[in-house]
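J.: Attaching a single structure in structure tokens format; questions to follow.
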Amino acid sequence: MSFQQGLSGLNAASKNLDVIGNNVANTNTVGFKQSQAQFADMFANSLSGGGGTQAGIGVKLGGIAQQFSQGSITVSNNPFDIAISGAGFYRLSDQGTISYSRNGQFHPDKDGYIVNSSGLRLTGYMANSTGQINTGTPTDLRLSTADLPPVTTTRVNALVNLDSRGTPLSAAGFDLTDPATYHSSTSLSVYDSLGNSTPLSTYFVKTAANSWDVFAANDGTVLNGGLSIGTLNFLSNGSLDPLSSSSFSVTAPVTTGANPLAFDIDFANTTQFGSSFGINALSQDGYASGQLTGFSIGEDGVVSGSYSNGKFLSMGQVALANFANPQGLQAVGNNTWKESAASGAALVAAPATGGLGVLQAGAIEDSNVELTSELVNMITAQRVYQANAQTIKTQDQILQTVVNLK
């Protein structure tokens with residue numbers, strides 16, 4: 001006769017209540033993953049072999065396994081809050097010591113690093129000055145608040161339709177101040193190396209059937225010594241003649257102290273149909289400097305800065321990590337885990353690649369604890385504890401009966 005079974009049952013029920021209590025306590029902890037107590041029965045060794053005659057000597061705690069199921073995602077008011085939808089962990093650095101977390105509550109510190117409430121830095125891949133991301137070794141993500149430097153115009157793209165019904169004119173008679181000497185025109189701003197804008201106007205003169213001369217002007221002055229910058233030739237179906245050029249080089253003087261503008265104007269896909277002149281697309285690749293106005297984080301983890309000139313620049317990309325056995329991770333508190341021999345090495349990559357989840361900015365992942373289920377589990381564990389206590393009480397009564405025998 002033994003108290004072993006009842007005592008082991010009490011201990012197991014107590015451990016189960018500890019796990020349940022911890023789950024309940026962390027119901028509102030962002031990124032928390034609930035745990036489950038797992039038990040195993042115990043048998044005493046027997047030299048003669050027990051076979052089907054062994055009653056067992058109780059139960060033991062086999063392990064506490066965290067359940068890495070997806071938590072609900074809740075929208076927040078912080079643009080630096082990030083929720084993972086799918087597999088993966090944030091990779092955090094404490095002066096080079098790496099840990100992992102599902103808690104995506106971040107903010108920039110005074111030095112521009114993206115950190116959590118414990119000061120751990122979010123890691124990822126940094127971008128160069130042109131926004132190209134280097135997906136080599138992850139490093140601490142740091143945001144730059146510097147102005148976006150200006151970019152000189154190097155190319156203008158114009159997609160227009162020229163009216164084939166126009167009467168040919170003499171290119172030699174072109175005068176930008178006299179609309180009767182040209183058929184149509186366009187205008188846009190281009191930028192020098194200091195980010196100063198200057199107007200560029202293009203004029204189209206039909207000189208013969210299916211042939212148009214193009215003139216360019218800057219601030220009322222016709223460029224290239226007053227000569228056309230090139231000729232657009234069309235086929236009978238209205239499309240550009242592939243044997244002639246549709247891209248022309250232009251040099252425009254500037255008065256700001258910057259270098260003269262030198263760029264190409266490309267009229268690719270321009271047409272000549274029997275309809276009114278129309279501008280279908282008109283763009284150029286330069287822009288003025290801009291001041292940082294905000295940040296955004298995409299589903300792929302790319303952190304972009306938005307600027308007052310309407311431009312966006314990639315500053316870096318959040319990296320995620322996954323493991324062959326996430327349950328083998330070592331919990332170290334503060335919603336973080338560390339890699340262990342049981343978890344396997346971290347597999348680090350960009351979000352939405354290699355089976356990793358996608359990110360949602362301005363949102364957090366709630367705890368995956370189901371409070372109702374935990375309360376039911378708590379009642380069950382309490383009953384199990386009471387039942388094991390009753391087993392000990394019964395054993396005590398039997399033992400007392402034996403002691404009272406005379």
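The values are calculated or read from the model by the stated rules, or taken from the named source; none is laboratory data. Just so we're clear, the structure is a prediction, and the values are computed from it rather than from any experiment. Because the Cβ atoms are built from the backbone with ideal geometry, glycine has one as well, and the counts that use them run over all protein chains shown. Remember, those area values only see protein heavy atoms, side chains included, never the ligands or the DNA or RNA. Shrake-Rupley method; radii C 1.70, N 1.55, O 1.52, S 1.80 Å.
J.: Quick check for me: using +1 on Lys/Arg Cβ and -1 on Asp/Glu Cβ, what's the dipole size of the stretch 155-284 about its Cα centre, in debye to the nearest 20?
T.: 180 debye
J.: For the charge dipole of the chain, defined by +1 on Lys and Arg C-beta atoms and -1 on Asp and Glu C-beta atoms about the Cα centroid, which residue among ALA345, SER129, GLN395 has the Cα displaced farthest towards the positive pole?
T.: GLN395
J.: Under unit Cβ charges (Lys, Arg +1; Asp, Glu -1), what dipole magnitude, rounded to 20 debye, does the stretch 113-220 have relative to its Cα centre?
T.: Magnitude of the dipole: close to 440 debye.
J.: Could you state how much accessible area THR231 has, in square angstrom rounded to the nearest 10, with a 1.4 Å probe and all protein chains kept in place?
T.: 50 Å²
J.: With all protein chains present, how much of the accessible area of the stretch 45-190 (probe radius 1.4 Å) comes from carbon and sulfur, to the nearest whole percent?
T.: 49 percent
J.: Still on this structure, I have one more. Shape verdict for the stretch 33-140, please, from the Cα gyration tensor: rounded (a/c under 1.5), prolate (a/b greater than b/c) or oblate.
T.: prolate
J.: Still on this structure, I have one more. At a Förster radius of 35 Å, what calculated FRET efficiency corresponds to the Cβ-Cβ distance of LEU371 and GLN132, to the nearest 0.05?
T.: Rounded to the nearest 0.05, the efficiency is 0.15.
J.: Could you calculate the contour length gain from SER247 to THR394, that is, 0.36 nm times the residue separation minus the distance between their Cα atoms, to one decimal place in nm?
T.: Value of the extension gain: 43.1 nm.
J.: If I fit a long axis through the Cα atoms of helix 4-25 and take the longest principal axis of the Cα atoms of the chain, what angle between them do I get, 0 to 90°, rounded to 10?
T.: Roughly 30 degrees between the two axes.
J.: Where only protein heavy atoms count, and the probe is 1.4 Å, what is the accessible area per residue for the stretch 246-352 in Å²?
T.: Ligands and nucleic acids excluded, the result is 47 Å² per residue.
J.: Label 7 Å along Cα→Cβ of ASN77; the stretch 114-130 residues with amide nitrogen under 20 Å?
T.: Output list for this probe position: 117.
J.: Now for a separate question. Pulled fully out, how much extra length does the chain show between THR231 and GLN95, if you take 0.36 nm times their separation in residues and subtract their Cα-Cα distance?
T.: 42.7 nm
J.: How large is the dipole of the chain about the Cα centre if only Lys and Arg carry +1 and Asp and Glu carry -1, each at its Cβ, rounded to the nearest 20 debye?
T.: 1680 debye
J.: How far is helix 371-403 tilted, in degrees, relative to the longest principal axis of the Cα atoms in the chain, given as a value from 0 to 90 rounded to the nearest 10?
T.: Helix 371-403 sits at roughly 10 degrees to that axis.
J.: Could you work out [θ]222 nm for the chain from helices alone, using -39500 (n - 2.57) per DSSP H run of at least four and dividing by all its residues? Round to the nearest 500 deg cm²/dmol.
T.: It comes out at -5000 deg cm²/dmol, rounded to the nearest 500.
J.: What trypsin sites (Lys or Arg not before Pro) does the stretch 112-214 have in DSSP loop regions with at most 15 other beta carbons within 10 Å?
T.: Passing sites in the stretch 112-214 are ARG165.
J.: What residues from the stretch 215-243 fall in the zone where the backbone N is under 12 Å from a label point 7 Å along the Cα-to-C-beta line of THR207?
T.: 215, 227-233
J.: In the stretch 155-284, if the dipole is taken from +1 on Lys/Arg beta carbons and -1 on Asp/Glu beta carbons about the Cα centre, which of THR177, ASN280, THR221 is farthest to the positive end?
T.: In the stretch 155-284, that residue is ASN280.
J.: Roll a 1.4 angstrom probe over the protein heavy atoms and tell me the percent of accessible area of the stretch 196-335 that is carbon or sulfur.
T.: Answer for the stretch 196-335 is 47 percent, counting heavy atoms of protein chains only.
J.: In nm, to one decimal, how far is the modelled label at ILE64 from the one at ALA146, with both set 7 Å along Cα→Cβ?
T.: 4.8 nm
J.: Can you tell which of VAL376, SER189, GLN34 lies farthest toward the positive end of the dipole of the chain, using +1 and -1 charges on the Cβ of basic and acidic side chains (Lys, Arg; Asp, Glu)?
T.: It is VAL376.
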